[in-house]
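The values are calculated or read from the model by the stated rules, or taken from the named source; none is laboratory data. Please read these numbers as outputs of a predicted model, since none were measured by experiment. Backbone-built Cβ (ideal geometry, glycine too); neighbour counts: all protein chains shown.
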Amino acid sequence: MLEEVVPIQQERHGNKKIRPLEKFDFARDIHVASILINEFFRAAAVFPIVFIEDQEEDMFKPVALLGLEQNQNLFVDSEGNWKASYVPAVLQRYPFTLATTDEEDRYTVCVDENSELLNEQEGEPLFAENGEAGEVLERVKQNLSELQQMEDLTQQFCEKLKENNLFTQYNMRLREGEGVRDITGAYVINEDRLQNVSDDFFLELRKQNFLPAIYAHLVSLHQINTLVDMRE
């Protein structure tokens, strides 16, 4: 999705403008999109939400399934339009992202220089004439900062579930013609284990406001049928 990510600098991008995000051709080949805990309710009405394991980082991450095949996004039509009522935040922020710096807990705002939204003719300027960040760049900074906070909370949520062995592998079986194909690699919250957690742990989940996200995730799994119908 992001191809040529570089830190935004006045010297390099002082004459650049950004057009509004209206088309989603850049996401056409993305079959999963990272999802944040504050998005679960809205996303669950549209996409299946599952978890994938990052073995290198030893962590789990929630994602919205956008397709049932690699390089398949069922929610982008042939003209680049988004075909659903909700767009995951990770796609809404395109072509911007945050990157870590050498300083602990410090980030820098970056942009994909290959994005067609970045240009010198149309849109809002990234920088004002005095060299200061323009209004659009200030909004981007605020938005990315809020998303990073949600990213931290989402990771706390996943870590809590992992520590208490609530993840289980989820194998989807899809009919293809006269045969059946298994899709593996996803994880879900195990409902039986959830029902048998201690009262103290359940209360902890409630106090941390994690229960709504858990239930939204479980309900979202019915959207697998939606993907199957869209594919046919």
- Tell me, which residue of the stretch 48-64 that is in contact (Cβ under 8 Å) with a residue 24 or more places away in the chain and among the charged types (D, E, K, R) is surrounded by the fewest Cβ atoms within 10 Å (Cβ to Cβ)? GLU53
- Note on the structure: Listed by range, helices (runs of 4 or more DSSP H) wholly within the stretch 193-232 having at least 2 residues that are among the aromatic types (Phe, Trp, Tyr) and under 23 Å from the mean Cα position of the chain (by Cα) are none
- Condition set touching a Leu at 6+ places or on another chain (Cβ under 6 Å) and crowded, with 20+ Cβ neighbours inside 10 Å, scope the stretch 17-29, selection farthest from GLU163 (Cα to Cα): answer is ILE18
- Assess whether GLU3 counts as being exposed (fewer than 15 other Cβ atoms within 10 Å of the Cβ), more than 15 Å from GLN155 (Cα to Cα) and of a type in the set (Asp, Glu). yes
- Message: Within the stretch 39-59, does at least one residue satisfy the condition of being of a type in the set (A, V, I, L, M) and closer than 22 Å to ASP112 by Cβ?
- Response: no
- Message: Condition (residue is out of contact with any strand residue (DSSP E or B) (no Cβ under 6 Å at 6 or more places or on another chain), surrounded by 10 or more Cβ atoms within 10 Å (Cβ to Cβ), part of a strand (DSSP E or B) and among the hydrophobic types (A, V, I, L, M, F, W, C)) applied to the stretch 167-176: is it met by at least one residue?
- Response: no
- Message: Which count do you get for residues in the stretch 125-166 that are surrounded by 14 or more Cβ atoms within 10 Å (Cβ to Cβ) and among the hydroxyl-bearing types (Ser, Thr, Tyr)?
- Response: 1
- Within the stretch 72-84, identify whether any single residue is within 16 Å of MET150 (Cβ to Cβ) and either without any contact (Cβ under 8 Å) to a residue 12 or more places away in the chain or buried (at least 16 other Cβ atoms within 10 Å of the Cβ) (or both), and answer yes or no. no
- Message: Residue under question is GLU151, and the condition is that it be without any contact (Cβ under 8 Å) to a residue 40 or more places away in the chain, outside any loop (DSSP other than H, G, I, E, B) and not basic (Lys, Arg); does it hold?
- Response: no
- Task: Please specify each residue of the stretch 1-45 satisfying the condition of being touching a Phe, Trp or Tyr at 6+ places or on another chain (Cβ under 6 Å) and of a type in the set (Val, Ile, Thr).
- Result: ILE37
- Looking only at the stretch 73-97, which residues are over 26 Å from GLN142 (Cα atoms) and within 16 Å of the chain's Cα centre (by Cα)? ASN73, LEU74, PHE75, VAL76
- Task: Take ARG181 and decide whether it is within 29 Å of GLY80 (Cβ to Cβ), in a strand (DSSP E or B), modelled with pLDDT under 95 and of a type in the set (D, E, K, R).
- Result: yes
- Message: I need every pair where a residue in the stretch 86-102 that is closer than 16 Å to VAL63 by Cβ has its Cβ under 6 Å from the Cβ of a residue that is of a type in the set (Val, Ile, Thr) and modelled with pLDDT of 95 or more, sequence separation at least 6 or different chains.
- Response: TYR86/VAL46; PRO88/ILE35
- Residue list for the stretch 64-88, filter: in contact with a helix residue (DSSP H, G or I) (Cβ under 6 Å, 6 or more places away or on another chain) and closer than 22 Å to TYR187 by Cβ: ALA64, LEU68, ASN73, LEU74
